[in-house]
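Asks: A single structure is presented below for examination.
The values are calculated or read from the model by the stated rules, or taken from the named source; none is laboratory data. Quick caveat: nothing in here was measured; it's all calculated off a predicted structure. We place every Cβ from the backbone using ideal geometry, glycine too, and count neighbours over all the protein chains shown. Heads up: the accessible areas ignore ligands, DNA and RNA and are worked out on the full protein's heavy atoms, side chains in. Shrake-Rupley method; radii C 1.70, N 1.55, O 1.52, S 1.80 Å.
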Amino acid sequence: MNRIDHLFQNREQPVLSVYFTAGYPGRDDTREIILSLDAAGADMLEIGIPFSDPVADGPVIQDSSAIALRNGMSIGLLFRQLQGIRDETAIPLVLMGYVNPVLQYGMERFCADAKAAGIDGLIIPDLPVREYALHYKDIVEASGLHMIFLVTPATPADRLQEIDRLSRGFIYLVTAAGTTGGALSGSDEQQAYFEHIGRSGLTQPLVAGFGISNKQDFNRVCQYTRGAIVGSAFIRMLGAANTDLRGNIAEFVQAFR
Amino acid sequence: MQYTVDEYGYYGRFGGAFVPEILQANIAALKAAFRRYKDDPAFCAEFEQLLKDYVGRPSPLYRAQRLSDFYKTNIYLKREDLNHTGAHKINNTIGQILLAKRMGKTHVIAETGAGQHGVATATVCALMDIRCTVFMGATDIERQRPNVERMQLLGAAVEAVHSGSKTLKDAANEAIRYWIAHPADTHYIIGSVIGPDPYPEMVTHFQQVISREMRAQLKEKTGSELPAAVIACVGGGSNAAGAFYHFLDDADVALIAVEAAGRGISSGETAATIATGTEGIIHGSRTLLMQTADGQIVEPYSISAGLDYPGIGPLHAHLHISGRARFLAATDGQALDAAFRLMQLEGIIPALESAHALAALDQLSFGSQDHIVLCLSGRGDKDLAAYHTAAAERSAAAAFAYQHFSL
């Protein structure tokens, strides 16, 4: 069974998913960050593949991507870093990256190498559902990876159903119009949006992301979803972390529990 | 027509709409509005009226006699440089602002490199009383002060972009990010035939007036609507798209696009996307682009800020792959040579972008009976500093050569 499915079938508490950019702050920190997050009690991880032009990201993830690229990070290197990771952890791992580097690597090769490295799912925010269904769905599904799509306040009802049909594992609920790293408004409008999505009869679990930076945000969105993703806040912490990376990460995760 | 766009915004295998989910609804609404209004009589009448009375169209087709004598052929310049705001960019911003108004948008954003598209956007926003924000790389703001001041005088807010390399592609990234955060009230006026569907088709539509006029003017001046060749510079490719459009199905008309080679195609400092690019996705469109083997986008270079873009419109990628258009490249130096020649022979100071199209004349040979149309896409007012520097360097080099080799 895919580890993402296993997680949502077995965990009753809200799922805490943490995003980090591969190759940041140091090129070879990837493994240490994964194992520390697992040890600290995070439930799922999203590993960001850095890109030169990340249009869906705010300044924090932009900066981490630029630094990771300067550090020499690439998809090939990431897969080498992940070799043998499944001997050490069973935490679900999702790769999140923009479509162009993935296509240059080659979708077929990317899926095969990701699967071999122990990856469970993919998020490609600028790959639209139509293109996916036409050209890539068969490749991704044959590899056993779960493709996860995003829904947003601007997603119309018919598209919502299409996204639910094509998504595997979970659906990424974007909390508000904006790039990553904003703040959670908690407005009535936002609450109405969460309730509307919740009532849409989706078959896949929902996990909220964008603007979730503390326990209060986490608890608020998890009233409507099965979990939430923390990204920019974690990257900010990594940027300021002292030499005790493992200790800093443990402290960060504990603050959400 | 094998060169038109399909229902999903594809020219052959290039195009599409690779944008985050949050913008899918926006571009769907834009596409619906474009479809609804592009042939709407009231919309077209307003558009044509503004092109005539406000922009000053039709722009003249000028037979450049001394330039023709120099190249021993017949050269006609399509004078987009005489348009209000000094370039072809205004054709597109007029079309899009009319669409934005009909869509009830209250805020317009744009990206700009050299500032020409930013000025054209600020201009139509002032005209239509719509709030305007122009994203511009911090590096470009320093390089293009006069255009920054023009935009500000016209009431636009110029937002300095500090991300990435702080130039055109980063300005486009930042405009997209702003649009993601403000999808409901904001319209994004993209300045070239790039970006997600429907932008390449829509911007081509608003620029096709260039070749429509060319055909009528050629008929009047030469007796035939069809020239031997049409030449235009290409960065994203909006003036070339406009200049080629009504000749696409006339196979006997050679379509020649000229990219900016910068310091040379193999120098590592170039903006020649067709010459050096590979297939990928940039700013929402599958096209040819300058990238590393890992799919990271490469920062381009050209003396011309308007051609300094690492991608190219999907229409042009298709015209290249299908062989319908021929793509040449001109270096900074070749463009400057061509610009100085036009100044001296015709008394016209071209934009550095258009100078690249002029440089193609040195790479091609035409018959004495051929009629050649060249799109002079913009005027050189914004480039005076670059021309001054180049002229000073050349006279210093000439003085040096005179001293050392002529004695």
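Asks: Select from the range A:56-70 the residues that are open to solvent by less than 20 Å² (accessible area, probe 1.4 Å) and either not β-branched (Val, Ile, Thr) or not in a helix (DSSP H, G or I) (or both) and list them in ascending order.
Replies: A:56, A:57, A:58, A:64, A:65, A:68
Asks: Another question, if that's okay. Tally up the residues in the range A:146-189 that are without any contact (Cβ under 8 Å) to a residue 40 or more places away in the chain, out of contact with any Pro (no Cβ under 8 Å at 6 or more places or on another chain) and of a type in the set (A, V, I, L, M, F, W, C), please.
Replies: 6
Asks: Can you tell me how many residues within the range B:254-308 are away from chain A (no Cβ under 14 Å), over 22 Å from residue B:191 (Cβ atoms) and among the charged types (D, E, K, R)?
Replies: So the count comes out to 2.
Asks: Assuming residue A:32 fulfils every condition listed in (1) away from chain B (no Cβ under 14 Å); (2) in contact with a Pro (Cβ under 9 Å, 6 or more places away or on another chain) apart from one, which condition is it?
Replies: (2)
Asks: Scan the range A:85-107 for residues that are open to solvent by less than 20 Å² (accessible area, probe 1.4 Å) and in contact with an Asp or Glu (Cβ under 7 Å, 6 or more places away or on another chain) and report the count.
Replies: 8
Asks: Does residue A:150 satisfy the condition of being more than 15 Å from the chain's Cα centre (by Cα), within 13 Å of chain B (Cβ to nearest Cβ) and surrounded by fewer than 23 Cβ atoms within 10 Å (Cβ to Cβ)?
Replies: no
For every residue, the table says whether it meets (1) among the aliphatic types (A, V, I, L, M); (2) open to solvent by 30 Å² or more (accessible area, probe 1.4 Å); (3) outside any helix (DSSP H, G or I).
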site: A:218; (1), (2), (3): no, no, no
site: A:225; (1), (2), (3): no, no, yes
site: A:229; (1), (2), (3): yes, no, yes
site: A:233; (1), (2), (3): yes, no, no
site: A:236; (1), (2), (3): no, yes, no
site: A:239; (1), (2), (3): no, yes, no
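Asks: Name the pairs: first residue in the range A:123-139 and at the interface with chain B (Cβ under 10 Å from one of its Cβ atoms), second residue open to solvent by 50 Å² or more (accessible area, probe 1.4 Å), Cβ to Cβ under 6 Å, at least 6 apart or on different chains?
Replies: A:129/A:162
Asks: Given the options B:143, B:212, B:131, name the one that is farther than 21 Å from residue B:15 by Cα, open to solvent by 40 Å² or more (accessible area, probe 1.4 Å), in contact with a helix residue (DSSP H, G or I) (Cβ under 6 Å, 6 or more places away or on another chain) and away from every other protein chain (no Cβ under 14 Å).
Replies: Testing whether each residue is farther than 21 Å from residue B:15 by Cα, open to solvent by 40 Å² or more (accessible area, probe 1.4 Å), in contact with a helix residue (DSSP H, G or I) (Cβ under 6 Å, 6 or more places away or on another chain) and away from every other protein chain (no Cβ under 14 Å) leaves just B:212.
Asks: Checking the condition open to solvent by 40 Å² or more (accessible area, probe 1.4 Å) and farther than 16 Å from residue B:51 by Cβ, which residue from B:228, B:251 passes?
Replies: When all the criteria are applied, what remains is B:251.
Asks: Another one. Please tell me if residue B:288 is at pLDDT 95 or above and over 30 Å from residue A:73 (Cβ atoms).
Replies: no
Asks: Going by the structure shown, is residue B:295 under 30 Å from residue B:197 (Cα atoms) and free of Cβ contacts under 8 Å to residues at least 24 places away in the same chain?
Replies: Against the criterion (under 30 Å from residue B:197 (Cα atoms) and free of Cβ contacts under 8 Å to residues at least 24 places away in the same chain), residue B:295 qualifies.
Asks: Now, a different point. Output the strands (runs of 3 or more DSSP E) that fall wholly within the range B:219-308 and possess 1 or more residues being in the same structural domain as residue B:337 (by TED's automatic domain parsing) and among the hydroxyl-bearing types (Ser, Thr, Tyr), or say none.
Replies: B:278-282, B:285-289
Asks: Follow-up question, since we're still on this one. Within the range A:233-249, count every residue that is touching a residue at least 60 places away in the same chain (Cβ under 8 Å) and out of contact with any strand residue (DSSP E or B) (no Cβ under 8 Å at 6 or more places or on another chain).
Replies: 6
Asks: Given A:27, A:80, A:31, A:3, which one is in contact (Cβ under 8 Å) with a residue 60 or more places away in the chain and open to solvent by 10 Å² or more (accessible area, probe 1.4 Å)?
Replies: A:3
Asks: Applying the selection to the range A:71-109, what residues are part of a strand (DSSP E or B) and in contact with a Gly (Cβ under 7 Å, 6 or more places away or on another chain)?
Replies: Passing the criteria: A:93, A:94, A:96, A:97.
Asks: What strands (runs of 3 or more DSSP E) lie completely within the range B:53-170 and have 1 or more residues being of a type outside the set (A, V, I, L, M, F, W, C) and farther than 29 Å from residue B:35 by Cβ?
Replies: By residue number, B:61-63, B:74-79, B:131-137, B:157-161.
Listed here are the residues, each with its yes/no results for (1) away from chain B (no Cβ under 11 Å); (2) within 27 Å of residue B:22 (Cα to Cα).
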{"position": "A:6", "(1), (2)": "yes, no"}
{"position": "A:19", "(1), (2)": "yes, yes"}
{"position": "A:28", "(1), (2)": "yes, no"}
{"position": "A:44", "(1), (2)": "yes, yes"}
{"position": "A:47", "(1), (2)": "yes, yes"}
{"position": "A:51", "(1), (2)": "no, yes"}
{"position": "A:71", "(1), (2)": "yes, no"}
